[in-house]
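K.L.:
Let me begin by handing over the structure; questions about it come next.
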Amino acid sequence: MDSLEITTLEDIVYLSYKNDVSFLFGHQMNLYEHQSSYNPNMPVRGLIYFAELYSGYIQKNKLDVYSTKQINLPVPRYIIFYNGTKNEPEKKELRLSECFIKRKRKNTLINMLYKTLY
């Protein structure tokens, strides 16, 4: 039988992070946030929260990240509830990958080689 473990980050003084609710159930690390103002940076915040949650999980379970054997981690699940005044769709998927700077490099050596070969 799977057990429920509350993993909510409380005011960690040196990090000043706090998430609303997080818990480990079975093979899922669940993180639930409530927002009254729209914030497109929630995926970045989730990354920071999950890094702390996984760090605690790794320490608690005495997992060796330097081992030659792969460690197994619970699957992350991140849900944000929004009740602000800005009109947003009922469901919206925010992606961490959208936060990274994307640059188009038209004349890189790889592109020039690709064009030459193909």
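K.L.:
Mind checking the full-extension length gain between Phe100 and Lys60? Use 0.36 nm per residue of separation minus the Cα-Cα distance, one decimal, nm. Before the final figure, lay out each step's value.
P.N.:
Values: separation 40, 0.36 × 40 = 14.40 nm, distance 3.16 nm.
Using 0.36 nm per residue and subtracting the Cα-Cα distance, I get 11.2 nm.
K.L.:
Take the Cα of Lys86, step 7 Å along the line toward its Cβ, and report every residue of the stretch 21-56 whose backbone nitrogen sits under 19 Å from that point.
P.N.:
33-47
Only the coordinates and a few stated rules stand behind these numbers; no lab work does. None of these values were measured; they are calculated from a predicted model. Because the Cβ atoms are built from the backbone with ideal geometry, glycine has one as well, and the counts that use them run over all protein chains shown.
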